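I have placed the structure first, in the form of structure tokens, so that the comments after it can refer back to it.
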Amino acid sequence: MSATNIVWHSPIVTKESRSTLKKQHPFIVWFTGYSGSGKSTIANAVEQRLSELNLHTYLLDGDNVRNGLNKDLGFNDADRKENIRRIGEMAKLFVDAGLIVITAFISPFKHERQTVRELVKKGEFFEVYMNTPLTTCEERDSKGLYKKARAGEIKNFTGIDSTYEPPVNPEVTLDTSSMTVEECVNRVIEHLNNAGILPQ
């Protein structure tokens, strides 16, 4: 049941003033793709590069968030949607705080990713599609999850018995089966620079 009798409280310190204090534009870089596609690796490397530019960032990673805020959620479709809804709302708050938010989540459904995009202003959401082939992701299987999914030990595993809906028009597309970490990071930073979102 949704809460009632709620009135929005407008703070005196605004998003604009927080951003000015940090000398940066806040935005979200949203990495999406199969498990093993390189989301966390590239997201971490992008955050490091932005940090080297003296920018204030925060990285939200799928496994880490499920250890705390979302540890009550499973992996059926309804829980996956709620997982992304919560992450989206948290990312929105971080943007309001003037931060650059990098997220690494499978986030398999187009609707939920679009919903997060619409939580922030136009030009504050950059979708990065990790278009690494499923065969490559499964060959890597660094966590042994694909093997368990194939054996039926894990249910609702994306790419095996749960659907992944690829982005239609992502801002950036990467493939770690053919690109190095540095090449991927450079592609993301280049797009952000071209978008005029990074300090010059």
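Side notes on the structure shown:
- Every residue from segment 127-155 that is surrounded by fewer than 15 Cβ atoms within 10 Å (Cβ to Cβ) and either among the hydrophobic types (A, V, I, L, M, F, W, C) or touching a residue at least 60 places away in the same chain (Cβ under 8 Å) (or both): Ser142, Lys143, Ala151, Lys155
Table: residues versus (1) over 27 Å from Asn67 (Cα atoms); (2) in contact with an Asp or Glu (Cβ under 8 Å, 6 or more places away or on another chain).
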residue: Tyr129; (1), (2): no, no
residue: Asp141; (1), (2): no, no
residue: Lys147; (1), (2): no, yes
residue: Tyr164; (1), (2): no, no
residue: Glu183; (1), (2): yes, no
residue: Leu192; (1), (2): yes, no
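- Restricting Asn194, Asn186 to those that are within 18 Å of the chain's Cα centre (by Cα) and either surrounded by fewer than 17 Cβ atoms within 10 Å (Cβ to Cβ) or polar (S, T, N, Q) (or both) reduces the list to Asn186.
- Pair list, Cβ < 7 Å and 6+ apart or interchain, from segment 88-117 residues that are crowded, with 21+ Cβ neighbours inside 10 Å to residues that are hydroxyl-bearing (Ser, Thr, Tyr) and in a loop (DSSP other than H, G, I, E, B): Ile106/Tyr34; Ile106/Ser35; Pro108/Thr163; Pro108/Tyr164; Arg113/Ser107
- For Thr32: the one exception among (1) closer than 28 Å to Cys184 by Cβ; (2) over 12 Å from the mean Cα position of the chain (by Cα); (3) not acidic (Asp, Glu): (2)
- Residue tally, condition of a type in the set (S, T, N, Q) and either at pLDDT below 95 or within 21 Å of Pro26 (Cα to Cα) (or both), over segment 170-200: 4
- Among the residues of segment 18-41, those that are surrounded by fewer than 24 Cβ atoms within 10 Å (Cβ to Cβ) and either assigned to a helix (DSSP H, G or I) or in contact with a Pro (Cβ under 7 Å, 6 or more places away or on another chain) (or both) comprise Arg18, Ser19, Thr20, Leu21, Lys22, Lys23, Gln24, Ser40, Thr41.
- Checklist (1) on the phi > 0 side of the Ramachandran plot; (2) within 14 Å of the chain's Cα centre (by Cα) applied to Gly98, failing item: (2)
- Matching residues, segment 65-98, being within 29 Å of Leu21 (Cα to Cα) and small (Gly, Ala, Ser): Gly88, Ala91, Ala97, Gly98
The values are calculated or read from the model by the stated rules, or taken from the named source; none is laboratory data. Not measured: the values here are computed from a predicted model. As a convention, Cβ positions derive from the backbone with ideal geometry for all residues, glycine included, and neighbour counts pool all protein chains shown.
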